[in-house]
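> Would you mind keeping the following structure in view while I ask a few things?
The values are calculated or read from the model by the stated rules, or taken from the named source; none is laboratory data. Nothing here was measured: the structure is a model prediction, and the numbers come from that model. Note: ideal-geometry Cβ built from the backbone for every residue, glycine included; neighbour counts use all protein chains shown. In case anyone asks, the SASA skips ligands and DNA or RNA and just uses the protein heavy atoms, side chains included. Shrake-Rupley method; radii C 1.70, N 1.55, O 1.52, S 1.80 Å.
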There are 2 protein chains.
Amino acid sequence: MPKQIDHEKRREQIAQATWRVISERGMEGATVRNIAAEAGLSLGALRHYFSTQDELLAYSMKLVKERVTARIREILSLDLPPREKFIRTILELVPMNRENMVEMEVWFAFTAYFRHKPGRFDMQDDGVYLGLQKLMDYAEQNGLLPASIDKELETEKLYALVDGLALHAYMQPQRLDGPRLERVLIHHLSGLMAAEKQSDAPDRRS
Amino acid sequence: MPKQIDHEKRREQIAQATWRVISERGMEGATVRNIAAEAGLSLGALRHYFSTQDELLAYSMKLVKERVTARIREILSLDLPPREKFIRTILELVPMNRENMVEMEVWFAFTAYFRHKPGRFDMQDDGVYLGLQKLMDYAEQNGLLPASIDKELETEKLYALVDGLALHAYMQPQRLDGPRLERVLIHHLSGLMAAEKQSDAPDRRS
DNA sequence: CTTTTTACAATACATTTGTATTAAAAAAGG
DNA sequence: CCTTTTTTAATACAAATGTATTGTAAAAAG
């Protein structure tokens, strides 16, 4: 038989080809033929790794989530001051480069696609809300948050802010580029951690 | 000839059928046949009002925008205290009922669909950012905003918050229902208008 | 070396899709 | 009443798509 192939690796390559196709041509362009061509495979070859299109799409979606959570887990494992860790984790939730942009793009596409599937493959949640709740707990336990705030509402606001910014960065990348995204988020987090005087960052007394 | 038909009215009916189909079956289900069936027409009949599918979709998208902007314009025309007008306008940007939810749903679907079209029908912008800028100007001119805030950043934040909440209300309607949406937005706007002490609404001294 | 198993390619097939064509029915205009 | 024009229906057709089948080559297993 021909050179033994690492199935899992091939599946990941195909999933990445899927991401590229969706990013460039939308969900409408994510046909098995387009994906096979992007991956440099024939239809028959593709079918050896995914027997149905929805299985391929579901796998590709799952892989996006794994990649993102792995990156975040890595940041959380770094040895940083709590404040830096808190901020950097949140910044990671927003697309700062082309790669993250594609991830978010395909995540949206997958979500919209699987939402209306009869045999639902299991409506995947991105887990960001749960993660932000834990992150806010972490911030509170490390004294980053003033006691006066309504933590639950602030978590909801932060969640909406992050996803809203992500969405806008995707829809209007020329207006909302990386540096501006960072400015907006830092501004919000500074206000959040400042309690009274939300006007600016806390440690600014020059 | 058969009973003269108001073409514009028919086109609106068809567009509304399109919304329903997209809401229930996603963009994948928005075939000309499904839409014709939902509208109670034959393929040939549909084709008398829209000669191509993309023309139908583009019209349906335009109609969504017109409906939403009309509703907002109506609120702006009401005789309300500036503070109420400011808040109610922003609350209108978020889906509080089934109808608004469908509008947002199809707007997202259309946006994703037309994004990857060779002969782009004209990437429609929802105009929310521009509207919010004007609304913030209005708020400032009516003394609702403290001078200490960074108006541009706060506009960007508000924009992201609104769209993020809308997205989440769509994705997790059970968790983020109407009352909760309102609580979160009011909380944010209160903090925004409060300047120092962002902890709660301003006029609360009992 | 022989056999068997694996990766891949080519092709086939039934459905669905957008669009086009043709025709009929129905009422407005004269 | 008769012609004309508009609405609608029925059918056609080519292209695209998901999936299945068949075949082939290559290397692992013996």
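> Looking at (1) within 29 Å of B:Tyr113 (Cβ to Cβ); (2) assigned to a helix (DSSP H, G or I); (3) away from chain B (no Cβ under 14 Å); (4) within 15 Å of the chain's Cα centre (by Cα), can you tell me which one A:Met96 breaks?
So A:Met96 meets the others, but not (2).
> Read through the list (1) within 12 Å of chain B (Cβ to nearest Cβ); (2) surrounded by fewer than 16 Cβ atoms within 10 Å (Cβ to Cβ), then give the number of the only condition that A:Met171 fails.
(2)
> Is it true that B:Arg83 is within 14 Å of chain A (Cβ to nearest Cβ), touching a residue at least 40 places away in the same chain (Cβ under 8 Å) and away from DNA strand D (no atom under 16 Å from the Cβ)?
So B:Arg83 fails the test.
> Also, I was wondering about something else. Condition test on B:Val68, is it under 29 Å from A:Ala109 (Cβ atoms) and within 16 Å of DNA strand C (Cβ to nearest atom)?
no
> Please specify each residue of the range A:101-134 satisfying the condition of being within 12 Å of chain B (Cβ to nearest Cβ), buried (at least 16 other Cβ atoms within 10 Å of the Cβ) and acidic (Asp, Glu).
Passing the criteria: A:Glu105, A:Asp126.
> One residue is enough: does the range B:91-109 have a residue meeting the conditions closer than 30 Å to A:Gly29 by Cα and among the aromatic types (Phe, Trp, Tyr)?
Within the range B:91-109 (the criterion being closer than 30 Å to A:Gly29 by Cα and among the aromatic types (Phe, Trp, Tyr)), the answer is yes, since at least one residue qualifies.
> Test of understanding: among B:Leu46, B:Leu56, B:Leu78, which residue is more than 22 Å from A:Thr111 (Cα to Cα), open to solvent by 40 Å² or more (accessible area, probe 1.4 Å) and aliphatic (A, V, I, L, M)?
The conditions single out B:Leu78.
> Right, another one. Give the residue that is farthest from the other protein chains (Cβ to nearest Cβ), with candidates limited to residues of the range B:1-43 that are surrounded by fewer than 12 Cβ atoms within 10 Å (Cβ to Cβ) and more than 9 Å from DNA strand C (Cβ to nearest atom).
For the range B:1-43, the residue satisfying everything is B:Asp6.
> For B:Arg73, state whether it is more than 12 Å from the chain's Cα centre (by Cα), open to solvent by 70 Å² or more (accessible area, probe 1.4 Å), of a type outside the set (Asp, Glu) and more than 16 Å from DNA strand D (Cβ to nearest atom).
It is true that B:Arg73 is more than 12 Å from the chain's Cα centre (by Cα), open to solvent by 70 Å² or more (accessible area, probe 1.4 Å), of a type outside the set (Asp, Glu) and more than 16 Å from DNA strand D (Cβ to nearest atom).
> Same structure again: Count, please, the residues in the range A:147-160 that happen to be over 30 Å from A:Thr18 (Cα atoms) and either open to solvent by less than 20 Å² (accessible area, probe 1.4 Å) or of a type in the set (S, T, N, Q) (or both).
7
> How about the range A:174-186: which of its residues are more than 11 Å from B:Lys157 (Cα to Cα) and open to solvent by less than 10 Å² (accessible area, probe 1.4 Å)?
Of everything in the range A:174-186, just one residue is more than 11 Å from B:Lys157 (Cα to Cα) and open to solvent by less than 10 Å² (accessible area, probe 1.4 Å), namely A:Leu176.
> Here's another thing I want to ask about it. Could you please let me know if B:Met101 is out of contact with any helix residue (DSSP H, G or I) (no Cβ under 6 Å at 6 or more places or on another chain) and assigned to a helix (DSSP H, G or I)?
Answer is yes for this residue.
> Let me ask you something else. Tell me whether the range B:120-132 contains one or more residues that are among the aromatic types (Phe, Trp, Tyr) and assigned to a helix (DSSP H, G or I).
Within the range B:120-132, one or more residues are among the aromatic types (Phe, Trp, Tyr) and assigned to a helix (DSSP H, G or I).
> How many of the residues making up the range A:135-146 are open to solvent by less than 30 Å² (accessible area, probe 1.4 Å) and part of a helix (DSSP H, G or I)?
Residues flagged as open to solvent by less than 30 Å² (accessible area, probe 1.4 Å) and part of a helix (DSSP H, G or I) within the range A:135-146 amount to 3.
> Let me ask something else about it. Name the pairs: first residue in the range B:35-51 and small (Gly, Ala, Ser), second residue more than 7 Å from DNA strand D (Cβ to nearest atom) and in a helix (DSSP H, G or I), Cβ to Cβ under 6 Å, at least 6 apart or on different chains?
Going by the 6 Å Cβ cut-off, the qualifying pairs are B:Ala36/B:Leu46; B:Ala39/B:Ile14; B:Ala39/B:Ala17.
> Of the residues B:Val21, B:Val102, B:Val68, which single one is within 21 Å of A:His116 (Cα to Cα) and out of contact with any Ser or Thr (no Cβ under 6 Å at 6 or more places or on another chain)?
Being within 21 Å of A:His116 (Cα to Cα) and out of contact with any Ser or Thr (no Cβ under 6 Å at 6 or more places or on another chain) holds for just one of B:Val21, B:Val102, B:Val68, which is B:Val21.
> Next up: With respect to B:Leu161, determine if the residue is in a helix (DSSP H, G or I), free of Cβ contacts under 8 Å to residues at least 12 places away in the same chain and among the hydrophobic types (A, V, I, L, M, F, W, C).
no
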